[in-house]
Amino acid sequence: MNNKEKNPFLKPFKTPFDTVPFDKITKENFMPAVEKGLEDAWKNIEKIKENTDDPNFDNTILAFEISGELLDKVANTYFNLYSAESDDEFKALAQKISPMLAEFQSKVLMDPELFKRVEKIYQNQEGLNDEQKRLVEKFYKQFVRNGALLPPEKKKRLKEINTEISTLGPKYSQNVLKATNAFELHITDEAELEGIPQNAKDAAAFTAKKKGKESGWLFTLQIPSVMPVLKYANNRKLRETISRAFSARAYKGEFDNREILKKIADLRQERAELLGYKTHAEYVLEERMAEKPKTVADFLERIYSIAYPAAKDEVRELAKLAKELDNIDELNSWDSSYYAEKLKKIKYDFDEEELRPYFKVENVVQGLFKVAEKLYNITFAELKNIPVYHADVKVYELKDQDGSHLGLLYIDLFPRETKRSGAWMTNFKTQGYENGEIRRPHVGIVANLTPSTDKNPSLLELNEVKTLFHEFGHALHGLLSDCTYKTLASPNVYWDFVELPSQIMENWVMEKQALDLFAQHYKTGEKLPDELIQKVKDAENFNKGMSNIRQLSFGFLDMAWHGQDPRKVDDVIAFEDKVNEKTRLYPKVDGGSISCIFSHIFAGGYSSGYYSYKWAEVLEADSFLLFKDKGIFNQEIADSFRKNILSKGNTAPPMELYVKFCGREPDPDAMLKRDGLLK
C-alpha cells in the first residue's frame, strides 16, 4: 500500500457528512499532507495564471477561492488539534508547518501575474452580483495588504517577516500552556481551605488523586481551580499565592514570553510601515467597523470616563468591608473577588454557589439547544457515529424546521493538559462552496469548564454558563451561515462585529423564561426558584464599573502595543506598568505580566482588536432591547436576526446589516445604560 492510500487526508474521507476521520489520523499524516496540499494549491494557481482567456469571476476569483481545498483541510485540522488536543511532539510540527504556510501565502499574494488578473476584474465588475463584488473587493484588498504593490526588495523583506511571525505565535501559545501546566499546589491541611465550597474542594481532592497523591487537595492554574480560591478562600495567603502564580505564568524562567512578544510586536510594526501604514493598529483597523485608531481611542475613553469613577467607588466600598470584617488596611488584587462575594451576599443575600446545583452541564447544553430551537425553529440531535479527537467530545446534528441538514456541532468542555486554556468557537469546515457544491459547516465549541469528580457531576458557576452561551452564539453564527463563498461566510466577519452574535446570547442566561427551560436541581429536578432568579437579576449590575475597567485595561494595553512604534520599548514590564497605571485599581504587584499571557493579541486574531469585545457589547445591548421590547422569543425579531446578521457573513458592510436588522444605527451609550453606569 503506498503512502497516499495510507494517509486519510489524501483520499476521500468516506465518513458521515464528510467529517474529519480523527480516529484514523496520526501525527505522521500531517507533513506529507501539508506538502501535497501546497503542491496542489500551487498547481491550481499556475493554471489560473496560464489561462489565456480574459480574466473573469469564474476563471480567476472563484478558481482562486477553491485553489487550496486540500491545504485548507489539513492546516485547519492541524491547528484545531494544536489548540484542543496535542502533546509536545505534535505541537513541534507547528515550527515546520506555520512557516511553510506563511511562505506560500506570501508567494501567492505577491505574485504579479495573479494580481494583474485580480486587479483587472476589480476594475471592471460589470455583470457581477453583490456577493461576487464583495469577494472581488476582498481579494483585491488582500493582495494589496499583503504586498502585491511593493517593489521586489520590499516583497522579500515582507515574506521574511510573515514567516518569522508565523513561528513566534505558536511558541508564545506553547509557553503559556506549559507554564499553566507546570504549577501545582498540594495542600494537606484542610484548615487552610476554609471558606472554599465543598464542590471545589472535591474537585481539588480528585485532581490530587489523579496526580498520584495519596491524600490532600491539589490546585492548578486552570480557571475552574483558580476561581473558587480567589472568590471564597478565607486564607488570604492562599489567595495571594494562587493570584501571583496565575499572573506570573510565562514571565521569567523557562517559559518566558517577553522576548517573543516584543519580537512579534516589532515585526508587526515593520510590516505595517513596509505597507505604508504608520502603525500595526492603523493597518488592522482599515478592515474593521471602527476604521481608525482614533475612533477606538475615543470609544475606550468614553467608557473609561464613566466607568473609572464608578470602579473607584466600588473598590472603596470593598476596602471598607475588608477593614470592618478582617482589619485589612490595604486591599490587594487577590482580595477583590473575595470581598466582592461577601458584599454581594450582604447587599443581595446572594451567593453564586447557590446556583451551581441548578447548572448541571448536560442540562445547560440542552438549554442552549432549547433556546436556539425556540428562537430559530431548528433542532439538535446527538450523533454517535461521528469520529472525534477525544472521548470528551460530543457531536450534534443541526436541522432546520423543514428537516434539512444545517450542520454539525462538536462540543468539548473540560480542561486537559493537552488543551490550551480559555474557551473558543472553531470551524472544522466553513460553510460555502467546496468540491463543486455549497457545503454545510462543521463547527466546534471548546472550553475549560468545571469538570465532574468522583463525587459530583459537572456543576457550572453562572459565569461558566454565560461562557457556554457566548461560544454557542459564535457557533450559531457559523452554523446558520447562508453564503455562497467560504471567504465571506459567517463567522468570517469584521472582528468588531464578530462578537455581536456571541455576546447577545449571554442575555438569555439572565431571563426567567429561558432559565425555566433548563435550570433544574441536579438531585431533585426542581426548577431554579423565582426568588433566586430575582437575586441574580438584582445583582446583575453589581461592580460593573470594575468589570468594565478590567476589559478596558486589556483594550488599552493592546492599543499601546500596536498603536505606536513598539521598537522604542526597552523593557516590556516597565512599558506595561506605565500603560496599566491608567486603569489600576489596586496596588501594583511585581512578578507578573499581562502581556506575557495575553494570547488573544499575541497568539490569536485580536491584535489591535481587543476593544471589539466592548464595541460588540454596545451592539448587543442595543440589539437585545428589541427582544426585551417584543419578547425574548419573539419570532419576528429572531427571524430578522438570523436573516440579517447570522446568515449574511461578510456579504455586506456590518453597519448596513445592523441597520437592516435594527431599523437604525446603534445607541453608542446602550451598554453604559444597560450596566447601570449611565442614567
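Which one, (1) 85, 55, 49; (2) 107, 106, 65; (3) 82, 60, 59, gives Cα extents along the principal axes in Å as derived from the coordinates shown?
Of the labelled values, this structure produces (3).
List TYR348, TYR610, TYR396, TYR283 from most exposed to least, where exposure is judged by having the fewest other Cβ atoms within 10 Å.
Numbers: TYR348 16, TYR610 27, TYR396 19, TYR283 22.
Ascending Cβ contact count within 10 Å gives the list TYR348, TYR396, TYR283, TYR610.
Counting other beta carbons within 10 Å of each Cβ, put LYS614, LYS384, LYS419 in order, fewest first. If you can, show how the numbers build up before the last one.
Working: LYS614 23, LYS384 6, LYS419 20.
By the 10 Å Cβ count, ascending, the order reads LYS384, LYS419, LYS614.
Compute the length gained on full extension between ASP298 and LYS673: take 0.36 nm times their separation in residues and subtract their Cα-Cα distance, giving the result in nm to one decimal. Could you put the intermediate results ahead of the total?
Details: separation 375, 0.36 × 375 = 135.00 nm, distance 1.80 nm.
Computed gain between ASP298 and LYS673 is 133.2 nm.
Which value, in debye to the nearest 20, describes the size of the charge dipole of the chain about its Cα centre when Lys and Arg Cβ atoms bear +1, Asp and Glu Cβ atoms bear -1, and nothing else is charged? Spell out each step's value before the answer.
Working: 99 positive and 109 negative charges, 134 e Å.
Result for the chain is approximately 640 debye, rounded to the nearest 20.
Sorted by average packing, counted as other Cβ atoms within 10 angstrom per residue and highest first, what order do 629-636, 310-317, 133-140, 642-649 take? List each step's numbers first, then the result.
Details: 629-636: 13.9, 310-317: 17.0, 133-140: 18.9, 642-649: 21.4.
By packing density, highest mean first, the sequence is 642-649, 133-140, 310-317, 629-636.
If you plug each phi of segment 165-171 into the Karplus form 6.51 cos²θ - 1.76 cosθ + 1.60 with θ = phi - 60°, what whole-Hz ³J(HN,Hα) values come out, in order, with x for Gly and Pro?
3J(HN,Hα) across segment 165-171, in whole Hz: 4, 5, 8, 6, x, x, 5.
Kirkwood hydrodynamic radius (Cα pairs, Å) of segment 536-617? Don't skip to the answer; put the middle values down first.
Working: mean 1/r = 0.0717 Å⁻¹.
It is 14.0 Å.
According to the square roots a ≥ b ≥ c of the eigenvalues of the Cα gyration tensor, what is the shape class of segment 460-573, taking rounded for a/c under 1.5, prolate for a/b larger than b/c otherwise, and oblate for the remainder?
Values: a/c = 3.19, a/b = 1.45, b/c = 2.20.
Here segment 460-573 falls in the oblate category.
Run lengths n ≥ 4 of DSSP H only: what is the helix-derived mean residue ellipticity at 222 nm for the chain, with -39500 (n - 2.57) per run over all residues, to the nearest 500?
Values: 27 runs with 359 residues, N = 679.
That calculation yields -17000 deg cm²/dmol at 222 nm.
Highest mean first, what order results for 585-595, 442-452 on Cβ atoms within 10 Å? Working shown, then result.
On the way: 585-595: 15.0, 442-452: 22.1.
Per-residue Cβ counts within 10 Å, averaged per peptide and sorted highest first, yield 442-452, 585-595.
Taking H as built 1.01 Å from N, whose amide H comes closer than 5 Å to the amide H of TYR433, not counting residues under 5 places away?
Here the answer is ARG439, TYR485, LYS486, since their amide H atoms fall under 5 Å of that of TYR433.
Could you tell me what fraction of 2.2 N^0.38 Å the Cα radius of gyration of segment 576-679 comes to, as a two-decimal ratio?
Values: Rg = 18.2 Å, N = 104, 2.2 N^0.38 = 12.8 Å.
So the Cα radius of gyration is 1.41 times the expected 2.2 N^0.38 Å.
Mind checking which lysines have their C-alpha under 23 Å from LYS133, skipping anything on the same chain fewer than 8 residues away?
LYS47, LYS49, LYS116, LYS120, LYS141, LYS486, LYS643, LYS648, LYS660
What ranking do 286-294, 495-503, 167-175 get when scored by the average of other Cβ atoms within 10 Å per residue, highest first? Write out the running numbers ahead of the final one.
Values: 286-294: 16.7, 495-503: 24.7, 167-175: 20.3.
Going from most to least packed, we get 495-503, 167-175, 286-294.
Calculate how steeply helix 30-50 sits against the longest principal axis of the alpha-carbon atoms of the chain, using the helix alpha-carbon long axis, and give the answer as 0 to 90 degrees to the nearest 10.
The angle comes out at about 40 degrees.
Under 20 Å from a point 7 Å along the Cα-to-Cβ line of ASP530: which residues of segment 357-393 have their amide N that close?
358
Just round it to a whole percent: the fraction of Cα-Cα distances in segment 218-347 exceeding 27 Å. Display every interim value, and only then the final one.
Details: 4144 of 8385 pairs.
Roughly 49 percent, rounded to a whole number.
Longer than 30 Å from Cα to Cα, which of LYS320/LYS360; LYS73/LYS262; LYS213/LYS384; LYS370/LYS537 are they? Say none if no pair is.
On the way: LYS320/LYS360 36 Å; LYS73/LYS262 32 Å; LYS213/LYS384 35 Å; LYS370/LYS537 21 Å.
Over 30 Å apart, Cα to Cα: LYS320/LYS360; LYS73/LYS262; LYS213/LYS384.
Under the Karplus relation 6.51 cos²θ - 1.76 cosθ + 1.60, θ = phi - 60°, what is the ordered set of whole-Hz ³J(HN,Hα) values for segment 256-268, x standing for Gly and Pro?
Each residue of segment 256-268 in turn: 4, 9, 4, 5, 5, 5, 5, 5, 4, 4, 4, 5, 4 Hz.
Quick one: helix 223-232 against the long Cα principal axis of the chain, what's the angle to the nearest 10°, folded into 0 to 90?
Once rounded, one gets 30 degrees.
Taking Cα atoms of segment 183-247, Rg/Rh with Kirkwood Rh, to two decimals?
On the way: Rg = 10.5 Å, Rh = 11.5 Å.
Here the Rg-to-Rh quotient is 0.91.
List ILE411, ILE573 from most exposed to least, where exposure is judged by having the fewest other Cβ atoms within 10 Å.
Sorted ascending by nearby Cβ count, the order is ILE573, ILE411.
Can you find, among PRO112, SER599, THR15, the residue farthest towards the positive end of the dipole of the chain? Put +1 on the C-beta of Lys and Arg, -1 on that of Asp and Glu.
It is PRO112, whose Cα lies furthest towards the positive end.
For the chain, take the longest principal axis of its alpha carbons; what is the angle in degrees between that and the long axis of helix 333-348, to the nearest 10 within 0 to 90?
Roughly 70 degrees between the two axes.
At 0.36 nm per residue, minus the direct Cα-Cα distance, what do GLN123 and ARG584 gain on full extension? Give it in nm, one decimal, please. Provide the component values of the computation, followed by the final result.
Working: separation 461, 0.36 × 461 = 165.96 nm, distance 5.07 nm.
Taking 0.36 nm per residue and subtracting the Cα distance, the gain is 160.9 nm.
Can you give the charge dipole size of segment 203-352 about its Cα centre, rounded to the nearest 20 debye, using +1 on the beta carbon of Lys and Arg and -1 on the beta carbon of Asp and Glu?
Numbers: 29 positive and 26 negative charges, 109 e Å.
With Lys and Arg at +1 and Asp and Glu at -1, about 520 debye.
Kindly write out, for segment 456-464 in residue order, the coupling ³J(HN,Hα) from the Karplus curve 6.51 cos²θ - 1.76 cosθ + 1.60 (θ = phi - 60°), rounded to whole Hz, with x marking Gly and Pro.
For segment 456-464, the Karplus curve yields 10, x, 5, 10, 8, 8, 4, 5, 5 Hz.
Can you give me the distance in nm between label points at GLU214 and LYS323, each placed 7 Å from the Cα along the Cα-to-Cβ direction?
Each label point is offset 7 Å from its Cα along the Cβ direction, giving 4.9 nm.
Using the alpha carbons of segment 1-139, what is the convex hull volume per residue in cubic angstrom, as a whole number?
Details: hull volume 19.6 nm³, N = 139.
Once divided by residue count, the hull of segment 1-139 is 141 Å³.
Computed from the coordinates by the stated procedures, all read-outs in this text should not be read as laboratory data. Everything numeric in this text was worked out from a predicted model, so none of it was measured. So basically every Cβ, Gly included, is an ideal-geometry build from the backbone, and we count neighbours across all protein chains shown.
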